[in-house]
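Each remark here refers to the structure printed beneath this line.
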Amino acid sequence: MQALAQLRSVSRVARSQRPGRTTAVRTMAFVNSKQEQLCGQARKFVETWGSVASKGIDAAKKELSDMIADDCTFKADGVLYTDDLKGKAAILHALEREHGTYEHSTYYPVAMAADDQHNTAFVGVAWEYNNVGPLRSGAQPSGNTSRGFSIKQLTFHPSSGQLVESRVNRQMTAEEQRELLQPGTKCQPADVFGDVLPKLSGGAQQAAEQKPPVDDADFAGRMSNSLMTWVHCWSSDADLDQLDKVLDPSLMAYDAYGLHASADKPQREGHAVSMMGRDDARAAIAGLHKKFTDRNKLLAFAVNPDQRVAFDHWRGEAKGRDSDARFETEG
């Protein structure tokens, strides 16, 4: 993230019909009816947001208007968007602007899980965008296609069911990389179709074939414990020996933005991997602890035992050990 900071501080089968695309499978697992409801709301919102090419902008805006609360906020990610979007009108205008810049040729959920305690659903979205409009005033559209991955955290009102807050982290398109990154910056983002989807497919297959079958609620509890331990280990007071209990030796951490020095590691050529294996992860975290004192807090999380996938929203407060510099991180 340093390079970006320098810039600006029942399961469903979803399949891509494009030749050569990896199939995305089994996007939901429910432990209770509330999680099922939240996942249904999130799926409907995501699919409607991406439906402009098939339904038209007016029809999509009309459907979304019913789903979005008047005081809904889209939180800025600090990378592609620097200011929050507040209110239904601003959000629908953003929809129109987004689809006017990028035609969504592919846009579908590939993983999903819900945190019923916070009325939140997390969605992983695979997309392909064709640049058909100017990214900024005076720029000419390239006509090129980019493909990538988004993670959405969608929070709904407990009574009305309308969307009240959205947080999104999205990979950059080729045009955004040229616009936002400083000249000469190495950028090697993970490939959603080559790196991410096969992992999701493999997790779902492993869950389906495991014998004897594992109870979803029991496995969800174990996944949750592993996730909470992983997040806490990024705090400087953590016992890193706990990593041996929750990380598989074959761990692969993919670099979504492509700026975490993965392009500088020859043994990982062609794959945007920032950490490879449990020992590599421990070394990376220990190196961070030598430079900073950090306190990480888990704000929300959800697990999907049917797909062996988990989502989390965390916030960290850090201070340099050799300076008075203080900053917050969030992801």
> Just the accessible area for Val46, please: 1.4 Å probe, Å², rounded to the nearest 10?
Replying inline: 0 Å²
> So what does Met223 come to for accessible area, using a 1.4 Å probe and Å² rounded to 10?
Replying inline: 30 Å²
> What does the charge add up to near Glu317, with Lys and Arg as +1, Asp and Glu as -1, over the other residues with Cβ less than 9 Å from its Cβ?
Replying inline: +3
>> At 1.4 Å probe radius, can you tell me the per residue accessible area of region 53-134 in Å²?
In response: 42 Å²
>> Once ligands and nucleic acids are excluded and a 1.4 Å probe is used, how much of Glu317 is accessible, expressed in Å² to the nearest 10?
In response: 110 Å²
> Amide H of Met275: which non-local residues (sequence gap of 5 or more, or other chain) have their own amide H closer than 5 Å, using H built in the peptide plane?
Replying inline: Ala253
>> For a quick check: with amide H placed at 1.01 Å from N, whose amide H comes under 5 Å from Ala113's, ignoring anything fewer than 5 positions away on the same chain?
In response: Phe122
>> Using the Karplus curve 6.51 cos²θ - 1.76 cosθ + 1.60 with θ = phi - 60°, what ³J(HN,Hα) values do you get for each residue of region 135-147, in whole Hz, with x for Gly and Pro?
In response: 6, 9, 4, x, 7, 9, x, 7, x, 7, 10, 10, 9
>> Quick one: 3J(HN,Hα) in Hz for region 84-89, Karplus 6.51/-1.76/1.60 with θ = phi - 60°, rounded, Gly and Pro as x.
In response: 5, 9, 10, x, 4, 4
> Over its Cα atoms, what ratio of radius of gyration to 2.2 N^0.38 Å does region 61-121 give?
Replying inline: 1.28
>> Tell me the net charge near Ala59. Cut-off is 15 Å between Cβ atoms, Ala59 excluded, with +1 for each Lys or Arg and -1 for each Asp or Glu.
In response: -1
> Mind listing the phi-derived Karplus ³J(HN,Hα) values for region 273-280, rounded to whole Hz, using 6.51, -1.76 and 1.60 with θ = phi - 60°, and x for any glycine or proline?
Replying inline: 10, 8, 9, 10, x, 5, 5, 5
>> List the residues, sorted by chain then number, that are 5 or more residues from Val309 or on another chain and whose placed amide H is less than 5 Å from its amide H.
In response: Asn304
> Of the listed peptides 85-94, 162-171, 132-141, what is their order by residue-averaged count of other C-beta atoms within 10 Å, with the highest listed first?
Replying inline: 162-171, 85-94, 132-141
> So, counting K/R as plus one and D/E as minus one, what does the shell of residues with Cβ under 10 Å around Arg326 add up to?
Replying inline: -2
>> Rounded to the nearest percent, how much of the accessible area of region 94-199 (1.4 Å probe, protein heavy atoms only) is carbon and sulfur?
In response: 46 percent
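The values are calculated or read from the model by the stated rules, or taken from the named source; none is laboratory data. Keep in mind it's a predicted model, so treat the numbers as computed, not measured. In this analysis, Cβ positions are derived from the backbone assuming ideal geometry, glycine residues included, and neighbour counts consider all displayed protein chains. Please note that ligands, DNA and RNA were not included when accessible areas were found on the heavy atoms of the full protein model with its side chains. Shrake-Rupley method; radii C 1.70, N 1.55, O 1.52, S 1.80 Å.
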